1. Kindly evaluate residue 118 against the criterion of being part of a strand (DSSP E or B) and not aromatic (Phe, Trp, Tyr).
2. What residue, among those in the range 88-127 that are basic (Lys, Arg) and farther than 17 Å from residue 148 by Cβ, is farthest from the chain's Cα centre (by Cα)?
3. For the range 126-161, name all the residues that are among the hydroxyl-bearing types (Ser, Thr, Tyr) and buried (at least 18 other Cβ atoms within 10 Å of the Cβ).
4. State which residue is surrounded by the most Cβ atoms within 10 Å (Cβ to Cβ) when the search covers only the range 86-110 and only residues that are under 18 Å from residue 140 (Cα atoms) and among the β-branched types (Val, Ile, Thr).
5. Those residues that are closer than 27 Å to residue 164 by Cβ, surrounded by 23 or more Cβ atoms within 10 Å (Cβ to Cβ) and out of contact with any Ser or Thr (no Cβ under 6 Å at 6 or more places or on another chain), I need them from the range 38-60; list them, please.
6. Just checking, which of 123, 83 is surrounded by fewer than 16 Cβ atoms within 10 Å (Cβ to Cβ) and not acidic (Asp, Glu)?
7. Give me the residue from the range 1-17 that is surrounded by fewer than 17 Cβ atoms within 10 Å (Cβ to Cβ) and of a type in the set (Gly, Ala, Ser) and, out of that set, farthest from the chain's Cα centre (by Cα).
8. What are the residues in the range 128-152 that are of a type outside the set (Val, Ile, Thr), over 14 Å from residue 64 (Cα atoms) and under 18 Å from the mean Cα position of the chain (by Cα), if any?
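The values are calculated or read from the model by the stated rules, or taken from the named source; none is laboratory data. Keep in mind the model is a prediction, meaning the values are calculated, not measured. A quick note on method: Cβ atoms are made from the backbone with ideal geometry, for glycine too, and the neighbour counts reach across all protein chains shown.
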Amino acid sequence: MDSKSAADSIKTWLAREKLEYREVSDAQALIHLHVKYPPTKQGHVFNVVIPKNRDLALIYSITRVDEGQQKEMQEHGKEDSDSWGEWLHETRIQLTRSNLDWVLHVGKAKKEVPGPLQAFNLSRPIWFDGLTQNEFMQTMRGLWLAKLELIHQIKYAYGKGIGKPGKVDDWDAKKTKQQTSKTPKKDSRSHPIDTDETGGFGSEFDPADWV
């Protein structure tokens with residue numbers, strides 16, 4: 001399977017499953033789709049990307065943590081820094097066992113206490129020699145369930161929030177760096193892949209790394 005046939009197959013599978021999608025302009029990718037999954041009112045946006053010159057399709061989804069939940073996490077850290085550190089540690093172990101790539105965006109530490117969880121990115125690549133409808137849809141399903149698990153875990157521990165996405169220090173720092181960078185505008189690496197909620201493995205993953 002080559003890139004074009006992979007892209008055609010993915011669009012066909014999405015149509016068969018009645019999953020809404022739209023194409024996103026992306027200079028680094030042969031195709032970049034925003035897909036609503038699951039196909040309900042509560043569906044989230046998933047990114048499906050086939051990078052240029054790579055024999056794989058990357059599926060990922062990014063979630064920002066609610067501002068109210070972040071405040072509760074900050075209070076937890078102030079009151080019991082060891083317990084808050086343990087919660088983050090257990091979350092990392094949980095994600096590592098999920099067979100997914102991941103990133104946790106944690107706020108800047110204050111007085112040696114880790115900041116709140118501000119966003120998380122879950123992703124998984126599928127190489128073309130293993131790309132089938134079953135593998136593609138099971139990957140979407142696995143990412144959704146892992147994402148849902150972490151969302152419920154945060155709600156259970158830190159409440160429903162206030163309905164407003166909190167800030168993400170890593171993204172603010174990245175924007176500042178890009179604005180001050182002297183990299184020529186024509187450099188394709190200066191255009192990051194679009195994400196759904198403007199976050200994979202460890203703490204430094206960026207979708208552009210797959211390009």
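1. Here the answer is yes, as residue 118 does meet what is asked.
2. Pass one, the range 88-127, residues basic (Lys, Arg): 92, 97, 108, 110-111, 124.
In the following step, the residues that additionally are farther than 17 Å from residue 148 by Cβ were identified as 92, 108, 110-111.
On the way: 92: 15, 108: 19, 110: 25, 111: 28 Å.
Per the criteria, the residue is 111.
3. Initially, the range 126-161 is screened for residues among the hydroxyl-bearing types (Ser, Thr, Tyr), giving 132, 139, 156, 158.
Within the range 126-161, 139, 158 qualify.
4. From the range 86-110, those under 18 Å from residue 140 (Cα atoms) are 95-103; that's our starting set.
Still in the running and among the β-branched types (Val, Ile, Thr): 96, 103.
Details: 96: 13, 103: 23.
Selected residue: 103.
5. Here is the first cut: in the range 38-60, the ones closer than 27 Å to residue 164 by Cβ are 38-47, 60.
Going one step further and asking which of them are surrounded by 23 or more Cβ atoms within 10 Å (Cβ to Cβ), we end up with 46-47, 60.
Hit for the range 38-60 is 47, nothing else.
6. Working: 123 fails: surrounded by fewer than 16 Cβ atoms within 10 Å (Cβ to Cβ).
Result: 83 is the single residue among 123, 83 that is surrounded by fewer than 16 Cβ atoms within 10 Å (Cβ to Cβ) and not acidic (Asp, Glu).
7. 5
8. Here is the first cut: in the range 128-152, the residues of a type outside the set (Val, Ile, Thr) are 128-131, 133-138, 140-150, 152.
Filter again for over 14 Å from residue 64 (Cα atoms), leaving 128-131, 133-138, 140-146, 149.
Across the range 128-152, the qualifying residues are 136, 137, 138, 140, 141, 142, 143, 144, 145, 146, 149.
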